[in-house]
Amino acid sequence: MNNGIGVIDSGVGGLSVAKEIMRQLPQESILYFGDTARCPYGPRPAEEVRSFTFQMITYLLRYRMKALVIACNTATAVVLQEIAQLATIPVIGVIDPGARTAIKETKTGAIGVIGTSGTIQSKAYEKALKRIHPSAEVYSYACPEFVPLVESGIPDRSKALQIVKDSLKPFSSLSIDTLILGCTHYPMLADLIQEVMGAEIRLINSAEETARELSVVLDYRGLLEEKTTEQRVKHKFFASGEFQVLREIASTFIKEPLDLQQVDISKEKVCTTSWTNL
């Protein structure tokens, strides 16, 4: 396969990013790793998130990558800058693209952010938003039940809707006009979130914006794959644990069969000196 785009995530949420990359850059190959054995990352200590993220990247070093997308907001907040300094290929996170779009879309400057406990505690979105728009009003709340809900495959819509309603109650008294879905799992709940928040609230899907930024970066660096109709683009998907839910979600979300393998990376030895070739 041609040099692929690595996409790593704590579980199935990064499929929202992979889907957008496939849609916006259909000629590019994807190398996806979902750490389903150790999801979610949100409640975990930062050092543990760092270790797990490095193990995923180390495994993908077996393949040739032209770019790496950290499709997990928690991992982006913890290790994006460190990884970007170690790697020679473009490394893109999901926080800055979403923050920039939120600033562009908001009319009032009042922006809501929902994410995992780790992402919200890091204040990564607040910092990114304030860096661009210092007077922005940012209201951030963790929604710890969302990731397990998505990872379960959302078996009962009515129960899922109630979970979303309960989780978003803090916003009922706030006058925001824009809400950042600060976890790549959350776009899979977008219809429920929109129903609860109301049609007038603009939802910011970081997956779409991340894929758009990736396209710009690859184009600028002359790394875009030339379009061809002679050979079908091949993607590879890896999971560290149970992957049936990942396969089921992909079948409805991405709508194409996956070349999916289960890989145990818990013993993966990390040697960042080898990352100079990444």
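Every read-out reported here was derived from the displayed coordinates using simple, explicitly stated rules and does not represent laboratory data. Not measured: the values here are computed from a predicted model. Counting neighbours? That spans all protein chains shown, and the Cβs are built from the backbone with ideal geometry, glycine included.
Key figures for this structure:
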read-out	value
Per residue Cα convex hull volume in Å³ - calculated over the stretch 13-144	116
Three-way shape label, the stretch 120-235, alpha-carbon gyration tensor, a/c 1.5	oblate
Considering only the stretch 95-206, percent of DSSP beta bridges that pair antiparallel, nearest 5	0
Lysine pairs meeting the criterion (Cα under 29 Å, 8 or more apart or interchain), as found in the stretch 95-206	17
Charge tally in the Cβ shell below 12 Å around Leu246, where Lys, Arg are +1 and Asp, Glu are -1, Leu246 excluded	-4
Amide H within-cut-off set for Ile180, under 5 Å, with H built and near neighbours excluded	Gly112, Val113, Ile114, Ile204
For the stretch 11-17, Karplus couplings with θ = phi - 60° (6.51, -1.76, 1.60), whole Hz, Gly/Pro x	x, 8, x, x, 4, 5, 6
Eligible lysines near Lys255 by straight Cα distance, threshold 18 Å, same-chain separation 8 or greater	Lys19, Lys234, Lys236
